[in-house]
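One structure is given here, and the rest of the page talks about it.
The values are calculated or read from the model by the stated rules, or taken from the named source; none is laboratory data. Fair warning: this is a prediction, and the values are worked out from it, not measured in the lab. Cβ atoms come from the backbone with ideal geometry, glycine included; neighbour counts cover every protein chain shown. In case anyone asks, the SASA skips ligands and DNA or RNA and just uses the protein heavy atoms, side chains included. Shrake-Rupley method; radii C 1.70, N 1.55, O 1.52, S 1.80 Å.
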Amino acid sequence: MKRRETHGSQGVAGAADRRLAASELRDELLRRMRTARLERSASLRALAVRTGMSPTLLVLVEQGKRLPSPRLASEWVETLDLPTDLAQAFVAWARLHHGGPEERIAAALVLDGWRRANLPAPRRTTIDESFVRERFAARFGAPATHIVVAPGRVNLIGEHIDYNLLPVLPMAIDRAVVVAVRERDDQRVRACNIDERHAPCEFELDARNVPDASGSWSSYLRAAASIVTSRLGEPRRGADLLFAGDVPEAAGLSSSSALVVGAVMALCAARGVELPREELMELCARGERLVGVQSGGMDQAICLGGRLDHAVKVGFAPLSLQPAPLPAAWRFVVAHSGVLAHKAGRAKDAYNERVRECAEALALLRRSALARPEADWRELLRIHGAEHLVALAERGLPPTLLRRSRHVLQEAARVEQAVLALACGDLSRFGALMDASHASLRDDYEVSCPELDDLAQLARDLGAAGARLVGAGFGGCVVALCEARLAQGLADELRERWQEPRQLPAWSVQVVRASDGASTRRVDAGPACRA
Ligand code: GLA
């Protein structure tokens, strides 16, 4: 008697899940499975007899058209006596689309390891690293010793709550700042940027290096240099640095944090120092605040702690990072509204004002809830829940503070719900939460603008499961979630209907992929530069 695979949680996955399977990882895994089977001269018919499955099902599985249940996958690998790594990866692949959240996270981890060992590393940026190295050598007369890649980020949900120490759910993206560096034997920092809008800058690593709050390219650099100097102490050693990048600026994709993280890591690498990631996350967040925005720690944490094809739930004080696998059938498209959102420029005062308002709202809510004077948003939420606190705010807070606190409380709840939706692969639920987040940022937090609202609506009208402004707001990008098979079409339509009529640059619409966090690579072992 053939056993029937059902469409339940233990059987062959349903239609949505079957699409989850389409990826380079799946293709390579199935290619290796087939090769291993042929090497063992095992026919699918024989395998079907051994596993008690229908041969047609096994053909479909091998062709990537159906997912096996974890039980079928285990029997398959046992019957063929496959090498452990391949066997574990195949079973993990089956588990990724079945089972509970915990099981999926464990399966994603196994697949991640297999992917890194068996597939070429995916592109992390469109910037050509050898071009950056050539330009470095031409500019400074000696080769770079290290290359740093620091990615931008898309925050999937949890906006304007990181500075209230509430968890957020961002992902690092495959657009990055690339830095080539070489240590100098004096205290001078010389830096230039391939993007000629950013003038070269030079300064000494001494008390005169004070970061200014202009938000210019060099102010971030000075901030990075000043925190590295105070952390590493004497002897102060400067460096030559060349920057390039494809994280759009003033877009809400955290180009400034990528710049600070890239510069800090480059300066550390030049000194031969590798600091622990968590310390770097805190240091870089502190460094960026020197430029005048009282931002939270999300951007630096995800820039350093991103994981390929994962979103990461980031918690604060203490920092915690929990990677959550993104279904292969989901895609995120970012599109620029055309309104520039310079975090340290136009938006700075409005941002800092929100930070102050949240502190005031918290103080009043604490009193209404008769909470301890030290209780933070997390403690209030744990004890009273979002709904009760919103009711308290409605009774006791002035209108602006009511709106701000309602956003904070409800956005925090949405992050928790989004983490669950992600674990269940529930695209429409996740999309609905993104829409609700946008509405709250528009109406309660008042950080949107008509262009962002229209663009998010356009993305929804074109088939996105959800869309929201990303980052601090006041302009910049929206991020839209859709099924992988619709992503290119959605991006094309957004180009045609939004980007082209406004004559925005080509990078204004992009399909992005979750990427690994920042990394440093040694590329040459020459002596310090004397130029
Ligand atoms: C900016 C800040 C972050 C965060 C977001 C809004 O990107 O740097 O810390 O507050 O805005 O969520």
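Collect the residues in segment 284-295 that are open to solvent by less than 10 Å² (accessible area, probe 1.4 Å) and more than 9 Å from the ligand (Cβ to nearest atom), keeping them in residue-number order.
Within segment 284-295, Cys284, Gly287, Val291 meet the criteria.
Would you point out which residue out of Val178, Val154, Val149, Val210 is of a type outside the set (D, E, K, R) and farther than 18 Å from Cys303 by Cα?
That would be Val210, the only listed residue that is of a type outside the set (D, E, K, R) and farther than 18 Å from Cys303 by Cα.
Mind listing whichever residues of segment 94-113 are open to solvent by less than 20 Å² (accessible area, probe 1.4 Å) and outside any helix (DSSP H, G or I)?
Within segment 94-113, the subset open to solvent by less than 20 Å² (accessible area, probe 1.4 Å) is 94, 97-98, 107-108, 111-112.
Those that are open to solvent by less than 20 Å² (accessible area, probe 1.4 Å) and outside any helix (DSSP H, G or I): His97, His98.
In contact with a Gly (Cβ under 7 Å, 6 or more places away or on another chain), among the small types (Gly, Ala, Ser), surrounded by fewer than 21 Cβ atoms within 10 Å (Cβ to Cβ) and more than 25 Å from Arg175 (Cα to Cα): does that describe Ala48?
When the stated conditions are applied, Ala48 does not pass them.
Mind checking which residues of segment 152-176 are near the ligand (Cβ under 8 Å from one of its atoms) and under 14 Å from Ala480 (Cα atoms)? Show your work before the answer.
Quick first cut of segment 152-176, residues near the ligand (Cβ under 8 Å from one of its atoms) only: 155, 158-163, 168.
Result: Asn155, single match.
Here is a list of conditions, (1) in contact with an Asp or Glu (Cβ under 9 Å, 6 or more places away or on another chain); (2) closer than 18 Å to Glu446 by Cβ, and Ala423 meets all of them except one; can you say which number that is?
Failing condition for Ala423: (2).
Which of the residues spanning segment 343-378 are closer than 25 Å to Gln457 by Cβ and either assigned to a strand (DSSP E or B) or hydrophobic (A, V, I, L, M, F, W, C) (or both)?
Ala347, Ala350
Being charged (D, E, K, R) and buried (at least 22 other Cβ atoms within 10 Å of the Cβ) is the requirement here; does Arg124 meet it?
Judged against the criteria, Arg124 is a match.
Go over the candidates Glu249, Glu234 one by one and state the one that is at negative phi, within 16 Å of the ligand (Cβ to nearest atom), charged (D, E, K, R) and modelled with pLDDT under 95.
After ruling out the rest, the residue left standing is Glu249.
For segment 264-275, check the following and say yes or no: at least one residue is under 23 Å from the mean Cα position of the chain (by Cα), within 16 Å of the ligand (Cβ to nearest atom) and open to solvent by less than 10 Å² (accessible area, probe 1.4 Å).
yes
Restricting the first residue to segment 296-307 and requiring it to be within 7 Å of the ligand (Cβ to nearest atom), which pairs with a second residue that is polar (S, T, N, Q) meet a Cβ separation below 9 Å and a spacing of at least six or different chains?
If the second residue must be polar (S, T, N, Q), the pairs left are Gly296/Asn164; Met298/Asn155; Met298/Ser254; Met298/Ser257; Asp299/Asn155; Asp299/Ser254; Asp299/Ser256; Asp299/Ser257.
For segment 190-203, does any single residue satisfy the condition of being closer than 26 Å to Ala225 by Cβ, of a type in the set (Val, Ile, Thr) and either surrounded by fewer than 22 Cβ atoms within 10 Å (Cβ to Cβ) or within 16 Å of the ligand (Cβ to nearest atom) (or both)?
Yes, that holds for at least one residue.
One residue is enough: does segment 393-407 have a residue meeting the conditions modelled with pLDDT under 95, within 16 Å of the ligand (Cβ to nearest atom) and open to solvent by less than 40 Å² (accessible area, probe 1.4 Å)?
no
Please work out which residue is surrounded by the most Cβ atoms within 10 Å (Cβ to Cβ), limiting yourself to segment 77-93 and to residues that are touching a Leu at 6+ places or on another chain (Cβ under 7 Å) and not aliphatic (A, V, I, L, M).
The extreme case among them is Phe90.
Considering each residue of segment 134-179, count those that are surrounded by fewer than 24 Cβ atoms within 10 Å (Cβ to Cβ) and of a type in the set (D, E, K, R), and give that number.
Number satisfying all stated conditions: 5.
Restricting segment 211-241 to residues that are surrounded by 19 or more Cβ atoms within 10 Å (Cβ to Cβ) and among the basic types (Lys, Arg), which is farthest from Leu280 (Cα to Cα)?
This residue is Arg237.
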